[in-house]
Amino acid sequence: MSPDKSVRAVPDSAEAGSASSTAPEDAGPLDELVDAVRRYRNAESFMRSRSRDSMHLGRTDMTALRLLLLARRSGRPLSAAALARQLEISTAATTVLIDRLEKSGHAVRRRSESDGRAIEIWPTAASDEEVRSTMGVMHERMMAIAAALTPEESGTIHRFLGALGLAMSELEFPEPSPAPPSA
């Protein structure tokens, strides 16, 4: 998988999808804040794409691996069916995904110790180390920036991002219309 060349770490306002037609120096504080969120989102997307590329994983594979690592940390491994539900993909697609993760050395299937009939999906120790080495620097930088905030700044940003996330998750889109018949 090659890096997505359409996403750069710091795109200009037009590439970020800014609704504002004003130049950055003429933008008001709200436009500047929204543009800063867009620049961060694009930079994070670019970084995650590079991380996936370095690990030779697709987006769904990386998401699955993250879910497997979280499940292991909680002490509750995932079954293929649970992984399918969390990824919102079919069980057939999940089987193919798990096969890919096994082949690449990122996951293994194991019989459950508590129910010998059940199969659990576990991330490998090597995949945990690879994710830590790939994402560790990003996490350290985020923590350093967050640690430099005052409690008041942190609270304000927390409320802002929480409300922004809620607003985005509550968006409703119309159902796509059927494709026109082929001629």
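Taken over the stretch 92-127, the criterion of being over 21 Å from S49 (Cβ atoms) and among the charged types (D, E, K, R) is satisfied by D99, E102, K103, R109, R110, R111, E113, D115, R117, E120. Among the residues here, A126 qualifies as of a type in the set (G, A, S), loosely packed, with under 12 Cβ neighbours inside 10 Å, without any contact (Cβ under 8 Å) to a residue 60 or more places away in the chain and within 23 Å of M47 (Cβ to Cβ). Screening A64, A43 for residues that are in contact (Cβ under 8 Å) with a residue 24 or more places away in the chain and open to solvent by 30 Å² or more (accessible area, probe 1.4 Å) leaves exactly one candidate, A43. State whether the residues of the stretch 132-143 include one that is in contact with an Asp or Glu (Cβ under 7 Å, 6 or more places away or on another chain), open to solvent by 70 Å² or more (accessible area, probe 1.4 Å) and in a helix (DSSP H, G or I). No, the stretch 132-143 contains no residue that is in contact with an Asp or Glu (Cβ under 7 Å, 6 or more places away or on another chain), open to solvent by 70 Å² or more (accessible area, probe 1.4 Å) and in a helix (DSSP H, G or I). Scanning the stretch 75-89 for residues being at negative phi and open to solvent by 60 Å² or more (accessible area, probe 1.4 Å) gives a total of 3. Output yes when any residue across the stretch 37-45 is at pLDDT below 65 and either within 18 Å of the chain's Cα centre (by Cα) or in a helix (DSSP H, G or I) (or both), and no when none is. Checking the stretch 37-45: not a single residue is at pLDDT below 65 and either within 18 Å of the chain's Cα centre (by Cα) or in a helix (DSSP H, G or I) (or both). For the stretch 118-131, filtering for residues that are among the hydrophobic types (A, V, I, L, M, F, W, C) and not in a helix (DSSP H, G or I) leaves 4. Does T124 qualify as being under 30 Å from L33 (Cβ atoms) and hydroxyl-bearing (S, T, Y)? Against the criterion (under 30 Å from L33 (Cβ atoms) and hydroxyl-bearing (S, T, Y)), T124 does not qualify. Of A118, A107, all but one fail to be open to solvent by less than 80 Å² (accessible area, probe 1.4 Å), touching a residue at least 12 places away in the same chain (Cβ under 8 Å) and within 20 Å of the chain's Cα centre (by Cα); the exception is A107. Considering (1) over 30 Å from L33 (Cβ atoms); (2) among the aliphatic types (A, V, I, L, M); (3) open to solvent by 40 Å² or more (accessible area, probe 1.4 Å), the lone condition that L57 does not fulfil carries the number (3).
The values are calculated or read from the model by the stated rules, or taken from the named source; none is laboratory data. Note that the structure is a prediction, hence the values are computed from the model and not measured. Cβ: placed from backbone, ideal geometry, glycine included. Neighbour counts: every protein chain shown. Only protein heavy atoms, including side chains, enter the accessible area calculation; ligands, DNA and RNA are left aside. Shrake-Rupley method; radii C 1.70, N 1.55, O 1.52, S 1.80 Å.
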